[in-house]
Amino acid sequence: MAQALVTMPVVAVIGAKGGVGKTTVAANLSTTLAQAGHPVLAVDLDPQNALRFHLATDRQACEVGLAAAAAGEVGWAEVLHPGRHGVVLLPFGNVDDDYQVALERHLAEHPDWLGEVLGRFLLPNGTLVVLDTPPGPSVYLQQALRIANVTVVTVLPDAGSFATLPLVERMVDKYCRGRDDFIANLCVVNQVDASHRLNRDVLAALRADWGDDLLGVVHEDQAVCEALASASDVRGYEPLSQAADDFTRCTQRLLERLAPTREGIP
Ligand SMILES: Nc1ncnc2c1ncn2[C@@H]1O[C@H](COP(=O)(O)OP(=O)(O)OP(=O)(O)O)[C@@H](O)[C@H]1O
Ligand SMILES: [Mg+2]
């Protein structure tokens, strides 16, 4: 299978179901990495354009994003926006529904589109790219998986979320495994509430299935919703919260998994 066209480590946050916390995880991994001193480019590949609510310092400016640049309405340099804690944010931007259909057709016909776009940016050495994706199969997910070195599957500790994992596995098998530059498919279990028996049972099953590839657990924490309501990331909103601590652990493990390639993707 073809090598990715980008030389920066790319982490794609993915999941089959909506509302499981993909954007929250993408945003908070980005800010935690940035606060640890790593240059980060966070890319919103979801037409909901929601990553800006967590990361943007000027959310209105993020109405202009990759969709407008892909249409040639603005230059690519104009859609890189400053984000929290030094993260550089490439938002999806607002998009007209007819243009969205045309863009999706273009992406389906140009499988290397995202790799080529990212390859154009002159970003500092060692920049980590974090991709937020929409739920389930889509051209955006295909684009993300084609260049991902690490995938982070986000699941809730419930039966419905658990049941969608084979679908994600099939997508990762199809687009990632077999590529020399693919490192690992990892899992974050989000919104864990240990007082719920089902949460504990599903978490135990996930630990057994994923082993070392379980990147971590993020607890159900009001600080997460409150941070979003305050247009902030969890670390910026409540640095001593359980969720901020959880994201620190996930980020440390992510860096360990990326370590052999930080000097350059093979
Ligand atoms: N650990 C958590 N504790 C409490 N609330 C959370 C947690 N993680 C996510 N949430 C809340 O769950 C909601 C959905 O999260 P988010 O938007 O990140 O999901 P998503 O998977 O990106 O959704 P979509 O599929 O629509 O893109 C948000 O209101 C978010 O604040
Ligand atoms: Mg989302």
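The values are calculated or read from the model by the stated rules, or taken from the named source; none is laboratory data. Since we're looking at a predicted model, the values are computed, not measured. Cβ coordinates were reconstructed from backbone atoms using ideal geometry, including for glycine residues, and neighbour counts include every protein chain displayed. Areas reflect the complete protein model, heavy atoms only, side chains present, ligands, DNA and RNA absent. Shrake-Rupley method; radii C 1.70, N 1.55, O 1.52, S 1.80 Å.
Applying the Karplus parametrisation 6.51 cos²θ - 1.76 cosθ + 1.60 with θ = phi - 60° to the phi angles of the range 103-113, what ³J(HN,Hα) value in whole Hz is obtained for each residue in order, glycine and proline being reported as x?
Ordered by residue, 3J(HN,Hα) equals 4, 5, 5, 4, 5, 5, 7, 10, x, 9, 3 Hz.
At 222 nm, what value in deg cm²/dmol follows for the chain if DSSP H runs of at least 4 each add -39500 (n - 2.57) and the sum is divided by all its residues, to the nearest 500?
On the way: 12 runs with 113 residues, N = 266.
Result for the chain: -12000 deg cm²/dmol, rounded to the nearest 500.
Once amide H atoms are placed 1.01 Å from N in the peptide plane, what residues at a sequence separation of 5 or more from Val40, or on another chain, have their amide H within under 5 Å of its amide H?
Counting only residues 5 or more places away or on other chains, the set is Val88, Leu128.
Most fluctuating residue of Pro91, Pro137, Pro166 in a GNM of the chain with Cα springs under 10 Å: which is it?
Pro166
Could you tell me how far the Cα centroid of the range 168-187 sits from the Cα centroid of the range 94-113, in Å?
Each part reduced to its Cα centre gives a spacing of 24 Å.
How would you rank 209-218, 10-19, highest first, on the average number of other Cβ atoms within 10 Å across their residues? The partial results should precede the final answer.
Details: 209-218: 17.1, 10-19: 23.1.
Output ranking for 209-218, 10-19: 10-19, 209-218.
Taking H placed 1.01 Å from N in the peptide plane, check which residues at least 5 places from Asn94 or on another chain put their amide H under 5 Å from its amide H.
Val64, Gly65
What part of the accessible area of the chain, given as a whole %, is carbon or sulfur when the probe is 1.4 angstrom?
On the way: 5670 of 11240 Å².
Whole-percent figure for carbon plus sulfur exposure: 50.
With a 1.4 Å probe and every protein chain left in place, work out the accessible area per residue of the range 10-259 in Å², rounded to a whole number.
On the way: 10150 Å² over 250 residues.
I get 41 Å² per residue for the range 10-259.
Residues of the range 42-70 with amide nitrogen under 18 Å from the 7 Å Cα-to-Cβ point of Ala229?
Only 53-55 fall inside the zone, counting backbone N under 18 Å.
Between exposed GluC sites (Glu not before Pro) in the chain, where DSSP calls loop and at most 15 other Cβ atoms lie within 10 Å, what's the longest gap?
On the way: sites that count: Glu73, Glu263.
It works out to 74-262.
For the range 16-36, list residues with backbone N below 16 Å from a point placed 7 Å from the Cα of His196 toward its Cβ?
Label zone hits: 17-22.
With θ set to phi - 60°, apply the Karplus curve 6.51 cos²θ - 1.76 cosθ + 1.60 along the range 87-100 and write out the HN-Hα couplings as whole Hz, x wherever there is a Gly or Pro.
The phi angles translate into 5, 8, 10, 9, x, 5, x, 6, 9, 5, 4, 5, 5, 4 Hz.
Amide H neighbours of Val153 under 5 Å, at least 5 residues apart or on other chains, H built in the peptide plane: list them.
Ile14, Leu186, Cys187, Val188
I'd like the distance between the alpha-carbon centres of the range 148-166 and the range 210-253, rounded to an integer number of Å.
Comparing the Cα centres of the range 148-166 and the range 210-253, I get a distance of 17 Å.
Pop a pseudo-label 7 angstrom from the Cα along the beta-carbon direction at both Glu63 and Glu109 and give the gap in nm to one decimal.
The two pseudo-label positions are separated by 3.0 nm.
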